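Chemist: Questions regarding the structure given below will be posed in turn.
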Amino acid sequence: MKLLHHPMPTLLDERAGLIAGFTATVVLSILMIAKSSAGLMPQLDPIADIAHLARLPEGTFQALWFGWIGHFALGTIVWGTIYAAMHADLPGLPVVRGLIFGALAWLAMMIVFMPMAGHGLFALSLGLRAVVATLVLHLVYGAVLGVAYARAAHE
């Protein structure tokens, strides 16, 4: 008797995760640039924080490019892949799944990244407006991520 091998369907669509992560990171980046151009909350600068963590001299061309590359790598590769792995376990429509994921990514940023960048737990040294702004930005990122993932994965 010959056993037929039927591959198990995978719930992880890495390609869709990368496409969605990149798309959401582009939208987030546009909002970050608009915030910066408007002169709002200059103390909130995740690009400079990424460069600072790499111990690059502040305000240099190298630090700026490293910060943006790090930002896109995190948003596209890290968060996009993690979302692809988690999305099936999140409840609701794609936009709701994305909002939940965006809130979780924000929580990770507030507990891990912000203290490492020298801003303290929940970035409280930057003020409450910065904490709320980062939450809003992450929710936008998540909403775009959820919808873009569903489209890229043909869900």
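Chemist: Taking the condition over 20 Å from V144 (Cα atoms) and among the small types (G, A, S), does A130 pass?
Modeler: yes
The rows are residues; the columns are (1) closer than 16 Å to G21 by Cβ; (2) of a type in the set (G, A, S); (3) modelled with pLDDT of 95 or more; (4) in contact with a helix residue (DSSP H, G or I) (Cβ under 6 Å, 6 or more places away or on another chain).
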{"site": "F72", "(1), (2), (3), (4)": "yes, no, yes, yes"}
{"site": "T81", "(1), (2), (3), (4)": "yes, no, yes, yes"}
{"site": "L90", "(1), (2), (3), (4)": "yes, no, yes, yes"}
{"site": "P94", "(1), (2), (3), (4)": "yes, no, yes, yes"}
{"site": "R97", "(1), (2), (3), (4)": "yes, no, yes, yes"}
{"site": "A105", "(1), (2), (3), (4)": "yes, yes, yes, yes"}
{"site": "R129", "(1), (2), (3), (4)": "no, no, no, no"}
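Chemist: In the range 41-71, which residue that is without any contact (Cβ under 8 Å) to a residue 12 or more places away in the chain and among the acidic types (D, E) is farthest from Y141 (Cα to Cα)?
Modeler: E58
Chemist: Pairs under 6 Å by beta carbon, first residue under 16 Å from L90 (Cα atoms) in the range 140-154, partner part of a helix (DSSP H, G or I) and hydroxyl-bearing (S, T, Y), six or more apart or different chains?
Modeler: These pairs meet every condition: L145/Y83; A148/T23.
Chemist: What number of residues within the range 34-44 are assigned to a helix (DSSP H, G or I) and either buried (at least 16 other Cβ atoms within 10 Å of the Cβ) or not hydroxyl-bearing (S, T, Y) (or both)?
Modeler: 2
Chemist: Step by step: first the residues of the range 9-27, then only those that are surrounded by fewer than 18 Cβ atoms within 10 Å (Cβ to Cβ) and outside any helix (DSSP H, G or I), then the one that is modelled with the lowest pLDDT. Which residue is that?
Modeler: So the residue we want is P9.
Chemist: Pairs under 7 Å by beta carbon, first residue farther than 16 Å from V136 by Cβ in the range 93-114, partner among the small types (G, A, S) and crowded, with 20+ Cβ neighbours inside 10 Å, six or more apart or different chains?
Modeler: Pairs that qualify, where the first residue is farther than 16 Å from V136 by Cβ and the partner is among the small types (G, A, S) and crowded, with 20+ Cβ neighbours inside 10 Å, are P94/G146; R97/G146.
The values are calculated or read from the model by the stated rules, or taken from the named source; none is laboratory data. None of these values were measured; they are calculated from a predicted model. With ideal geometry, Cβ positions are generated from the backbone for all residues, glycine too; neighbour counts draw on all protein chains shown.
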